[in-house]
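Have a look at the structure below before the remarks.
The values are calculated or read from the model by the stated rules, or taken from the named source; none is laboratory data. These figures come from a predicted structure and were not determined experimentally. No Cβ is skipped: glycine too gets one built from the backbone with ideal geometry, and neighbour counts run over all protein chains shown.
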Amino acid sequence: MAEPSPKTFNIGGLAVHVFGTERLDAVLANGKTPEVAVCFFAHGRMGRAEKIFHICQAIVSHPPSTPTSVVLVAAFDQRNHGSRLTEKRANLAWTDGNELHAYDMFAIHLTLNEHIIVRYGTAQDISYLADVLPMYLNVSISRWAVAGISLGGHTALLTMANDPRFTVCVCIIGCGDYTTLMRHRASSSPSISIYTTTLSTHLLSLLSRVDPINNLSSFKGKALLFLGGAEDKLVPPSCNDSFFEGLRTVYKGEEEKFEVIMEGGVGHEVTAGMEGRCVEWVNRWIFKL
């Protein structure tokens with residue numbers, strides 16, 4: 001596989017790394033009108049965009065479905081990560097001494113102002129970029145997908161649940177039920193009461209509106225692949241049980257569009273098998289929906 005070679009755009013102060021522009025240029029040079037799809041890929045907590053460049057490159061290196069189809073992949077640093085880091089403590093967990101973990105982790109997804117949503121965080125960054133990226137590429141984009149790892153997996157699900165343009169999603173070691181995930185983490189923290197003292201009514205109200213488990217119907221007709229480790233202690237499979245149960249009802253009659261694979265003997269990590277399945281899923285569905 002070719003070495004990662006993204007083209008980087010400065011979009012509204014964000015360094016956005018776009019993979020696959022060579023194929024786009026080749027189709028345009030031949031006088032053809034390309035059918036363009038874009039997949040955003042979000043990295044994990046404590047990471048940065050460069051950590052996922054190899055997966056981005058693998059997605060665009062997949063054989064094209066038609067002579068004029070072009071799949072692009074875009075990656076950028078999540079909020080308070082990489083080049084956007086302003087406070088390292090905010091990325092730490094309860095067990096690392098961060099008492100605001102529940103707020104800080106969700107605020108990376110969503111920026112809050114008192115009682116209401118002002119704008120989405122990284123998920124809103126993705127939606128914003130979907131608005132403006134066509135201008136920078138100077139092409140029409142007909143399909144949108146999103147994928148991510150761990151924190152990025154949460155972000156991918158939030159994007160799918162709240163932006164109807166995104167019809168394909170791959171969530172790797174992530175969670176679609178934030179309240180249950182925080183309850184699990186609080187139970188393993190030094191303070192038994194930390195869950196009840198840190199999840200305020202404001203956050204719970206917000207979750208009731210935007211969390212994927214509370215927006216199950218928004219997944220209908222879309223393609224969702226969920227990859228995880230059966231022995232994951234940080235994001236245990238059980239934290240997604242209710243989410244998966246609800247999705248199975250949503251996907252009744254369209255079971256081929258929803259798949260869950262939990263790898264035995266695997267913890268909170270990304271395996272080569274997960275990466276390969278992600279590449280196949282995005283390319284399988286991105287021009288079909």
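For F9, state whether it is of a type in the set (F, W, Y), touching a Leu at 6+ places or on another chain (Cβ under 9 Å) and surrounded by fewer than 24 Cβ atoms within 10 Å (Cβ to Cβ). Yes, satisfied.
Count of segment 41-50 residues, restricted to those that are out of contact with any Leu (no Cβ under 7 Å at 6 or more places or on another chain) and either under 16 Å from D125 (Cβ atoms) or buried (at least 18 other Cβ atoms within 10 Å of the Cβ) (or both), is 6.
Quick grid of which residues meet (1) assigned to a strand (DSSP E or B); (2) at pLDDT 95 or above:
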{"residue": "V168", "(1), (2)": "yes, yes"}
{"residue": "Y195", "(1), (2)": "no, no"}
{"residue": "F226", "(1), (2)": "yes, yes"}
{"residue": "G246", "(1), (2)": "no, yes"}
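Could you list, in sequence order, the residues of segment 52-88 that are modelled with pLDDT of 95 or more and assigned to a helix (DSSP H, G or I)? Result: I52, F53, H54, I55, C56, Q57, A58, I59, V60.
Where residues in segment 119-154 are assigned to a helix (DSSP H, G or I) and farther than 14 Å from A74 by Cα, which of them is modelled with the highest pLDDT? I'd like the intermediate steps shown before the answer.
Here is the first cut: in segment 119-154, the ones assigned to a helix (DSSP H, G or I) are 122-137, 151-154.
From what is left, the residues that are farther than 14 Å from A74 by Cα are 124, 135, 151, 153-154.
Details: Q124: 87, M135: 96, L151: 88, G153: 93, H154: 90.
The extreme case among them is M135.
Against the condition under 18 Å from V168 (Cα atoms), buried (at least 19 other Cβ atoms within 10 Å of the Cβ) and modelled with pLDDT of 95 or more, how does V16 come out, does it pass? Quick ask: steps written out before the conclusion?
Details: under 18 Å from V168 (Cα atoms): no; buried (at least 19 other Cβ atoms within 10 Å of the Cβ): yes; modelled with pLDDT of 95 or more: yes.
No; evaluated as a whole, the condition is false for this residue.
Quick one: count up the residues across segment 252-267 that are without any contact (Cβ under 8 Å) to a residue 24 or more places away in the chain and either touching a Leu at 6+ places or on another chain (Cβ under 9 Å) or outside any helix (DSSP H, G or I) (or both). Reasoning before the result, please.
Initially, segment 252-267 is screened for residues without any contact (Cβ under 8 Å) to a residue 24 or more places away in the chain, giving 252-253, 255-256.
Okay, now just the ones that are also either touching a Leu at 6+ places or on another chain (Cβ under 9 Å) or outside any helix (DSSP H, G or I) (or both), so 252-253.
Summing the residues that are without any contact (Cβ under 8 Å) to a residue 24 or more places away in the chain and either touching a Leu at 6+ places or on another chain (Cβ under 9 Å) or outside any helix (DSSP H, G or I) (or both) in segment 252-267 gives 2.
Residue pairs whose Cβ atoms lie under 7 Å apart, separated by 6 or more positions or on different chains, with the first residue in segment 229-251 and in contact (Cβ under 8 Å) with a residue 12 or more places away in the chain and under 11 Å from M262 (Cα atoms) and the second part of a helix (DSSP H, G or I) and aromatic (F, W, Y), do not occur. Of all the residues in segment 232-241, those that are exposed (fewer than 15 other Cβ atoms within 10 Å of the Cβ) and part of a helix (DSSP H, G or I) number 2.
Can you tell me how many residues within segment 149-181 are on the phi > 0 side of the Ramachandran plot and either surrounded by fewer than 24 Cβ atoms within 10 Å (Cβ to Cβ) or of a type in the set (V, I, T) (or both)?
Going residue by residue through segment 149-181, those that are on the phi > 0 side of the Ramachandran plot are 150, 173.
Filter once more, so that each one left must be either surrounded by fewer than 24 Cβ atoms within 10 Å (Cβ to Cβ) or of a type in the set (V, I, T) (or both): 173.
Of the residues in segment 149-181, 1 are on the phi > 0 side of the Ramachandran plot and either surrounded by fewer than 24 Cβ atoms within 10 Å (Cβ to Cβ) or of a type in the set (V, I, T) (or both).
With the condition kept exactly as written, say whether any residue in segment 97-106 is aromatic (F, W, Y), buried (at least 16 other Cβ atoms within 10 Å of the Cβ), within 21 Å of C171 (Cα to Cα) and modelled with pLDDT under 95. I'd like the intermediate steps shown before the answer.
Of the residues in segment 97-106, the ones aromatic (F, W, Y) are 103, 106.
From what is left, the residues that are buried (at least 16 other Cβ atoms within 10 Å of the Cβ) are 103, 106.
This time we only want the ones that are within 21 Å of C171 (Cα to Cα), so: 106.
Filter again for modelled with pLDDT under 95, leaving 106.
Yes, segment 97-106 contains a residue that is aromatic (F, W, Y), buried (at least 16 other Cβ atoms within 10 Å of the Cβ), within 21 Å of C171 (Cα to Cα) and modelled with pLDDT under 95.
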